[in-house]
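These notes concern the structure reproduced below.
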Amino acid sequence: MNRKTLKLVENKKMNKIKVGIPRALHYYRYFPFWKKLLEEMDVEIILSIQTNKKIVETGVQQGFGELCIPMKIYYGHVLYLINNHPDLDFIFVPRYIAEVKEAFFCPKFLSLPDVIKILPNIPKILNFEVNVKEFPISYSIIELGKQLGLSSSRSLEAYNRAKVYHQQYLNFLREGSTVNHALRLVSRDLPFKLPKKKPDNKIRLLLLGHGYNLFDTFINLDFQKKLSDRQVDVLTIENMPESIFRTPVIVNKKLRNYWRHEEEIMQAIRYFLRTGRNEIDGVIFLISFACGPDSLISELIMRDMKVVGLPYLAIIMDEHSGEAGMLTRIESFVEMIKRKKKKIELESQQEKSKIRV
């Protein structure tokens, strides 16, 4: 590329609308869709850095005590963008209310754009509301495009391309990719390609939780690596077939799950209660302190696991979580499962020996 072409590219980039995206909360679920959508709308995306100690401390100072740690982290990421990118035209703070007609998102997500407005020196909020109970998502896309000066047809074209790309991303996860690996490929505009196959470990655990708890490696103290270091294969609901999430969970004749994320977790558990009992050796649920919906379903999951005899561990996280305590719990849990499997294998061998005799 010659100097003249480079200058044209730089000028074009300089004239683009700059939109900051906090690397927190819904980022771990929808970033591939957002990135493709906004880039197709000719927007330059500025993504905050990965969560670190300073971001957490800033978010904790800004948020009040009753907030869960993911919300405090979100504050920290927004403030990072404000302080380090004063030339931003917008901060992208979507309002997810209902993605399906049967359930809502957490109330804290519903009010997110409103509470973010109170932060000091914040640029304009780029609004994107998803509420299929009231209007189709295509309406939200058109309204988003209007804020960026785009026509309805241009916005819908961008939406269609983003949908296709996001579906490719979801398929990649179902092929076995971890979310963090897939997001790295997305952020670098690389094709979806699985890493080299690692040898199968003897233990396989289902790791439950919201994406912002499972895949933010700072706040969960790199939980999945700790499991991997102990020869444990990890499965998350993102790796499970789409068909598992089509039928709602009926807890009893009167009680149904009200929250979108918790419904998906319960649907995954239902699969392992029925068809997939022998596909995993145990379940770990990472929960944010002060998360009401998660604390409710954790009790239900614990009872279900007792019924089928699957080891279950719930770990509560907040900004004070310590690595030593978490390591102790992981090691104890994994060791318990190893001993249980060894005992079952030994009993099976003894039974076979009796049959031969």
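A few remarks follow.
- Cross-link table 202/340; 36/117; 18/101; 202/226, entries beyond 22 Å C-alpha to C-alpha: 36/117; 18/101
- Computed extension gain for residue 157 through residue 302, at 0.36 nm per residue and net of the alpha carbon distance, reaches 47.6 nm.
- Residues 306, 340, 196 in ascending order of nearby Cβ atoms (within 10 Å, fewest first): 196, 306, 340.
- Under the combined filter of DSSP loop state and at most 10 neighbouring Cβ atoms within 10 Å, the range 36-106 retains these GluC sites (Glu not before Pro): 66.
- Efficiency of FRET from Cβ geometry, residue 274 and residue 331, R₀ 30 Å, rounded to 0.05: 0.45
- Net charge, residue 295 excluded, C-beta distance under 15 Å - Lys, Arg +1, Asp, Glu -1: -3
- Taking a ≥ b ≥ c as the square roots of the Cα gyration tensor eigenvalues, the range 149-304 comes out oblate, since a/c reaches at least 1.5 and a/b does not exceed b/c.
- Proximal aspartates and glutamates relative to residue 53, as straight alpha-carbon distance under 16 Å, when same-chain residues fewer than 8 apart are discounted: 216, 222, 318, 319, 323
- Of 75, 30, 139, the sequence from fewest to most neighbouring Cβ atoms within 10 angstrom is 139, 30, 75.
- With Cα atoms, 0 to 90° folded angle of helix 152-174 axis to the chain main axis: 20
- If the convex hull is drawn through the Cα atoms of the range 14-174, its volume per residue in Å³: 124
- Net charge over other residues, Cβ less than 13 angstrom from the Cβ of residue 115 (K, R count +1; D, E count -1): +2
- Neighbourhood net charge (12 Å Cβ-Cβ; Lys/Arg +1, Asp/Glu -1) for residue 124: +1
- Alpha-carbon radius of gyration plus Dmax, which is the widest Cα pair, for the chain in Å: 22.5, 86
- Amide H contacts under 5 Å for residue 285: 208, 313, 314, 315, restricted to partners 5 or more places along the chain or on a different chain, H placed in the peptide plane at 1.01 Å from N.
- The chain - mean residue ellipticity at 222 nm from DSSP helices (-39,500 (n - 2.57) per run, n ≥ 4, rounded to 500): -16000 deg cm²/dmol
- Solution diffusion estimate, µm²/s, Stokes-Einstein, the range 80-152, Kirkwood Rh from C-alpha pairs, 10 °C, viscosity 1.306 mPa s: 118
All of the numbers you see were taken from the coordinates with simple rules; none came from a lab. In this text, all values refer to a predicted model and were calculated from it rather than measured experimentally. Positions of Cβ are backbone-derived with ideal geometry, glycine not excepted, and every protein chain shown enters the neighbour counts.
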